[in-house]
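J.: Once you've had a glance at the structure underneath, I'll fire off some questions.
The values are calculated or read from the model by the stated rules, or taken from the named source; none is laboratory data. Keep in mind it's a predicted model, so treat the numbers as computed, not measured. Backbone-built Cβ (ideal geometry, glycine too); neighbour counts: all protein chains shown.
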Amino acid sequence: MSEIPGDLKFMKSHEWARVEDNGTVTVGISEHAQGLLGDLVYVELPNVGDTAQAGQAAAVVESVKAASDVYSPVSGEIVAVNEALADKPETINEDAYGDGWIFVVKLTNREELEELLDPDAYAEAIENEED
Amino acid sequence: MSQKTILNDSHRALGAKMVDFGGWDMPLSYGSQIEEHHAVRRDAGMFDVSHMTVVDLAGARTREFLRHLLANNVDKLKAPGKALYSCMLDETGGVIDDLIVYFLEEAFFRVVVNAATRDKDLAWIRSQAAAFDVAVTERPELAMIAVQGPNARARVATLLSPEVAAKALKIGKFVAFEGDGLFIARTGYTGEDGFEIIVPEGEAVALWQRLVDAGVAPAGLGARDTLRLEAGMNLYGQDMDESVTPWEAALAWTVSLDEGRAFIGREALEQQRAAGVPREMIGLVMDEKGVLRHGQKVLTEAGDGEILSGTFSPTLGKAIAFARVPAGAGSSLRVDIRGREVPVRIARIPFVRDGKPFDAA
């Protein structure tokens, strides 16, 4: 298991969220999730200006093997999407917590962050899943 | 509890991601499945296909029996060692399974059928064989390794004795022979040249390791699926089953309506052809980004069809699929992907030939 950056929060469905200094939240999928999916070949991004709902699908990632919804960890307006993934979806395989980010939400309800798992709790959730 | 091939520990030692496939614990990939795919297209890769079912048929009337059992005609097999791809049909013309049959001696043929259909295949073959006094013997003690790719045959040859190597490099496509204790067939499921090697279980692990050492890349079921779909080869259970005739599965080329041969299902096939075949299987390519998947709806001028096998083609860099559509579907087709109607093109099958885009790019 690779190191999970300490500033991330997670959903059990394997999305990560990072609260940026300006109060927006960057979202991606975890290292564990990209491993489960295998080689990614397509990312369906939301549009800037769309409204994301916490726990609702906001993007889709597709590997050779399967398509998987990406749920937004928080509610708010989509203020940025990672256009580079259109041509290089494999960036998520290579750098899930960095260049493989998917979209940014301007969150409307900070309390939603409390619902998310810290890295240790997420690591534990993965371990239980594998049993 | 799923079954394991003799190579299970070898796969795990290589770090394979394992999945259940037809009741067998098999490697999906060892790392990147796209890299495994390219290794087979460009160099040499290998697959553990020991889960497949080898069945030997013996008896003076074996050829007569196979004329009755198979939709393709074993009389095409004239020289010992020659192989033939065929469907095995039920009385309604539905496909029980697809298989390869090898003619070894006049009273001895070998067939290789799918793993997931083992039980029903054996039951069917045995029930049909009784009237011909043909002995049906499953050979579970045999493992099978498919070595595929432009350099596959040369790599295998380095592991064989000089005489056997020379013969292996000389035999034509769809021919098999026995040498060095191996059954070596120039067949495969990837669209590349190569061998399918049947080996006694006790020697399979050593052979696998020698192939690894010879630079053959282990490849999993994931790559096997993208390779066979690019090569235009059907997957039983996904592209056809008992509810589908060969006419509806792009398998007409495997049906031999030679005069006077009463094979099982022939009458139903002739009736369906006379009445007009209601559905057909076609190849699709999607130029837009995204991936075609099994079960997606295909919208046509003649009604809805569906995606059978669909995937992302690593060679073309686009999604490809087989679809079953109503007859007269026309050419302006769309696929429903999560509520979005995406245009697709009909493409010639195979999508990839000799490692290059055939018609689709």
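J.: Could you please find all residues in the range B:1-38 being within 14 Å of chain A (Cβ to nearest Cβ) and among the β-branched types (Val, Ile, Thr)?
T.: Hits for the range B:1-38 are B:VAL19, B:ILE34.
J.: Residues being surrounded by 22 or more Cβ atoms within 10 Å (Cβ to Cβ) and in contact with a Leu (Cβ under 7 Å, 6 or more places away or on another chain): count how many of those fall in the range A:18-33.
T.: Matching residues across the range A:18-33 total 1.
J.: Across the range B:217-235, which residue is farthest from the other protein chains (Cβ to nearest Cβ) among those that are over 12 Å from the mean Cα position of the chain (by Cα) and part of a loop (DSSP other than H, G, I, E, B)?
T.: Here the answer is B:ALA219.
J.: Would you please list the contacts, defined by Cβ atoms under 8 Å and residues six or more apart or on different chains, that run from a residue in the range B:194-206 that is in contact (Cβ under 8 Å) with a residue 24 or more places away in the chain to a residue that is in a helix (DSSP H, G or I) and of a type in the set (Ser, Thr, Tyr)?
T.: B:VAL205/B:SER10
J.: Residue by residue through the range B:1-19, note down the ones that are assigned to a strand (DSSP E or B) and among the β-branched types (Val, Ile, Thr).
T.: If we filter the range B:1-19 for residues that are assigned to a strand (DSSP E or B), which is where we start, we get B:3, B:17-19.
B:VAL19 - this is the single residue of the range B:1-19 that is assigned to a strand (DSSP E or B) and among the β-branched types (Val, Ile, Thr).
J.: Here's a follow-up. Across the range A:62-108, what is the total count of residues that are of a type in the set (A, V, I, L, M, F, W, C) and in contact with a helix residue (DSSP H, G or I) (Cβ under 8 Å, 6 or more places away or on another chain)? Working first, answer last.
T.: Of the range A:62-108, the ones of a type in the set (A, V, I, L, M, F, W, C) are A:64, A:66-67, A:70, A:74, A:78-81, A:84-86, A:92, A:96, A:101-105, A:107.
If we keep only those that are in contact with a helix residue (DSSP H, G or I) (Cβ under 8 Å, 6 or more places away or on another chain) as well, we get A:64, A:66, A:74, A:84-85, A:92, A:96, A:102, A:107.
Going through the range A:62-108 one residue at a time, the tally reaches 9.
J.: Okay, moving on. From the list B:GLN271, B:GLN238, which residue is among the polar types (S, T, N, Q) and in a helix (DSSP H, G or I)? Before the answer, list the steps.
T.: Working: B:GLN238 fails: in a helix (DSSP H, G or I).
When all the criteria are applied, what remains is B:GLN271.
J.: Something else about it: Which condition breaks for A:SER68 when tested against (1) within 14 Å of another protein chain (Cβ to nearest Cβ); (2) more than 12 Å from the chain's Cα centre (by Cα)?
T.: With (1) within 14 Å of another protein chain (Cβ to nearest Cβ); (2) more than 12 Å from the chain's Cα centre (by Cα) applied to A:SER68, the lone miss is (2).
J.: Counting only residues that are over 21 Å from A:LEU40 (Cβ atoms) and of a type in the set (D, E, K, R), which one in the range B:39-56 is nearest to the other protein chains (Cβ to nearest Cβ)?
T.: Kept after step one, since they are over 21 Å from A:LEU40 (Cβ atoms), are these residues of the range B:39-56: B:42-56.
Then drop every residue that is not of a type in the set (D, E, K, R), which leaves B:42-43, B:48, B:56.
Numbers: B:ARG42: 17, B:ASP43: 18, B:ASP48: 19, B:ASP56: 36 Å.
Per the criteria, the residue is B:ARG42.
J.: Would you mind telling me which numbered condition in (1) closer than 21 Å to B:GLU35 by Cβ; (2) out of contact with any Gly (no Cβ under 6 Å at 6 or more places or on another chain); (3) not in a helix (DSSP H, G or I) A:VAL48 fails?
T.: (1)
J.: Look through the range B:66-79, keep the residues that are out of contact with any strand residue (DSSP E or B) (no Cβ under 6 Å at 6 or more places or on another chain) and part of a loop (DSSP other than H, G, I, E, B), and return whichever of them is farthest from B:VAL95 (Cα to Cα).
T.: Checked the range B:66-79; the qualifying residue farthest from B:VAL95 (Cα to Cα) is B:ALA79.
J.: Would you please list the contacts, defined by Cβ atoms under 9 Å and residues six or more apart or on different chains, that run from a residue in the range A:15-42 that is within 20 Å of A:GLU83 (Cα to Cα) and within 14 Å of chain B (Cβ to nearest Cβ) to a residue that is charged (D, E, K, R) and surrounded by 20 or more Cβ atoms within 10 Å (Cβ to Cβ)?
T.: What qualifies is A:ASP39/A:LYS65; A:LEU40/A:GLU62; A:VAL41/A:GLU62; A:TYR42/A:GLU62.
J.: Tell me, yes or no, whether the range A:90-98 has at least one residue that is more than 12 Å from the chain's Cα centre (by Cα) and among the small types (Gly, Ala, Ser).
T.: Within the range A:90-98, none of the residues are more than 12 Å from the chain's Cα centre (by Cα) and among the small types (Gly, Ala, Ser).
J.: Can you confirm whether B:GLN272 is more than 18 Å from the chain's Cα centre (by Cα), buried (at least 16 other Cβ atoms within 10 Å of the Cβ), of a type outside the set (A, V, I, L, M, F, W, C) and within 14 Å of chain A (Cβ to nearest Cβ)?
T.: On the way: more than 18 Å from the chain's Cα centre (by Cα): yes; buried (at least 16 other Cβ atoms within 10 Å of the Cβ): yes; of a type outside the set (A, V, I, L, M, F, W, C): yes; within 14 Å of chain A (Cβ to nearest Cβ): no.
So B:GLN272 fails the test.
J.: Which one is farthest from A:ASP87 (Cα to Cα) among residues in the range B:274-291 that are in a loop (DSSP other than H, G, I, E, B) and of a type in the set (Asp, Glu)?
T.: We begin by selecting, within the range B:274-291, every residue in a loop (DSSP other than H, G, I, E, B); these are B:276-278, B:287-291.
Of the ones still in play, those that are also of a type in the set (Asp, Glu) are B:287-288.
On the way: B:ASP287: 14, B:GLU288: 12 Å.
If we take residues in the range B:274-291 being in a loop (DSSP other than H, G, I, E, B) and of a type in the set (Asp, Glu), then B:ASP287 is farthest from A:ASP87 (Cα to Cα).
J.: Restricting the range A:87-113 to residues that are touching a strand residue (DSSP E or B) at 6+ places or on another chain (Cβ under 7 Å) and within 14 Å of chain B (Cβ to nearest Cβ), which is surrounded by the most Cβ atoms within 10 Å (Cβ to Cβ)?
T.: Filtering the range A:87-113 for residues touching a strand residue (DSSP E or B) at 6+ places or on another chain (Cβ under 7 Å) gives A:89-90, A:92-93, A:96-97, A:100-108, A:112-113.
Still in the list and also within 14 Å of chain B (Cβ to nearest Cβ): A:89-90, A:92-93.
Numbers: A:PRO89: 20, A:GLU90: 17, A:ILE92: 26, A:ASN93: 19.
The selected residue is A:ILE92.
J.: Identify, from the list A:GLY49, A:GLY55, the residue that is modelled with pLDDT of 95 or more, more than 11 Å from every other protein chain (Cβ to nearest Cβ), surrounded by fewer than 19 Cβ atoms within 10 Å (Cβ to Cβ) and in contact with a Phe, Trp or Tyr (Cβ under 9 Å, 6 or more places away or on another chain). Lay out the reasoning, then the answer.
T.: Values: A:GLY49 fails: in contact with a Phe, Trp or Tyr (Cβ under 9 Å, 6 or more places away or on another chain).
Only one candidate qualifies: A:GLY55.
J.: Same structure, new question: Take the residues in the range B:345-361 that are of a type outside the set (Phe, Trp, Tyr) and in contact with an Asp or Glu (Cβ under 8 Å, 6 or more places away or on another chain); name whichever of them is surrounded by the fewest Cβ atoms within 10 Å (Cβ to Cβ).
T.: Residues of the range B:345-361 that are of a type outside the set (Phe, Trp, Tyr), as a first pass: B:345-350, B:352-357, B:359-361.
Okay, now just the ones that are also in contact with an Asp or Glu (Cβ under 8 Å, 6 or more places away or on another chain), so B:345, B:347-348, B:350, B:352, B:355.
Working: B:ARG345: 15, B:ALA347: 22, B:ARG348: 13, B:PRO350: 20, B:VAL352: 27, B:GLY355: 16.
Looking at residues that are of a type outside the set (Phe, Trp, Tyr) and in contact with an Asp or Glu (Cβ under 8 Å, 6 or more places away or on another chain), I get B:ARG348.
J.: Report those strands (runs of 3 or more DSSP E) wholly inside the range B:20-65 carrying at least 3 residues which are touching an Asp or Glu at 6+ places or on another chain (Cβ under 9 Å) and touching a residue at least 40 places away in the same chain (Cβ under 8 Å). Give the derivation first.
T.: Working: elements: B:24-29, B:45-48, B:53-58.
Output list reads B:24-29, B:53-58.
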